[in-house]
Amino acid sequence: MIREIVKHPNKVLSEKTKEVTEINEEIITLLDDMYETMIEYDGVGIAAPQVNVPLRIAIAELGEEGSILEMINPTVLETEGSSVDIEGCLSFPGLFGEVERPTYVKIEAHDRNGQVYQLEATDFDARVILHEIDHLDGILFNSKITRVYTEEELEELYGEEE
Ligand code: CO
């Protein structure tokens, strides 16, 4: 089911989320709904607070083929490097800007079966993962933007929106 996206400045977006203590049917439904909602609104990642659920859950679309990473109670184990690239966020329609992020991240999280996994990601994948984990700590990308893209720059990048 597609859920409504919470937009800035809703309070739920800037609060720290709670750890998931049990992966039950409600959590599985939430993961499925978050995926559907992300696809519907053309995102590459989404965090539970963005659908008004203050839990430590996020998903991210990784790689060219767009495999879906589900993160329950993720923690960042390591980061390395730094790069600046453009970011947007489903909770900030129309806002795009340059954000500095590490180029490498290693995380640990649970999957929907409760299995602990570690994952390494680089470049844009690392960026998406770190953007989503920031959401779980109530940190929003607008606080990290060093330069906002103008409408003209966005048109050049993405073409006219129909
Ligand atoms: Co976001």
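Read-outs: derived from the displayed coordinates by stated rules, not from any lab. Quick caveat, the model's predicted, so the values are computed rather than measured. Heads up, the Cβs are rebuilt from the backbone with ideal geometry, glycines too, and the neighbour counts pull from every protein chain shown.
Points to keep in mind about this one:
- Distance between region 80-100 and region 13-77 - C-alpha centres, whole angstrom: 18 Å
- Where labels lie 7 Å past Cα in the beta-carbon direction, separation of ASN52 and SER143 in nm: 2.4 nm
- All distinct Cα pairs of region 11-161 go into the 1/r average, and the inverse of that average, the Kirkwood radius, is 15.8 Å.
- Counted charge near ARG147, where neighbours are those whose Cβ lies closer than 13 Å (Asp, Glu -1; Lys, Arg +1): -4
- Whole-Hz Karplus values for region 29-41 come out as 4, 4, 4, 5, 5, 4, 4, 4, 5, 4, 5, 4, 9 Hz, taken residue by residue from phi with 6.51 cos²θ - 1.76 cosθ + 1.60 and θ = phi - 60°; glycine and proline positions read x.
- Surrounding net charge for ALA47, when Lys and Arg each add one and Asp and Glu each subtract one, Cβ distance under 11 Å: -2
- For peptides 102-112, 4-14, sequence by mean Cβ density within 10 Å, most packed first: 102-112, 4-14
- Difference of contour (0.36 nm per residue) and Cα-Cα distance, SER82 to THR29: 15.5 nm
- Karplus-derived HN-Hα couplings along region 96-106 (A = 6.51, B = -1.76, C = 1.60, θ = phi - 60°), whole Hz, x at Gly and Pro: 9, x, 7, 10, 8, 9, x, 9, 9, 9, 10
- Loop-resident trypsin sites (Lys or Arg not before Pro) (DSSP state other than H, G, I, E or B) in region 14-63 with no more than 14 further Cβ atoms inside 10 Å of their Cβ: LYS16.
- Per residue Cα convex hull volume in Å³ - calculated over region 1-77: 103 Å³
- In order along region 116-123, the phi-based Karplus estimate (6.51 cos²θ - 1.76 cosθ + 1.60, θ = phi - 60°) of 3J(HN,Hα) comes to 7, 9, 10, 9, 10, 9, 10, 6 Hz; Gly and Pro are listed as x.
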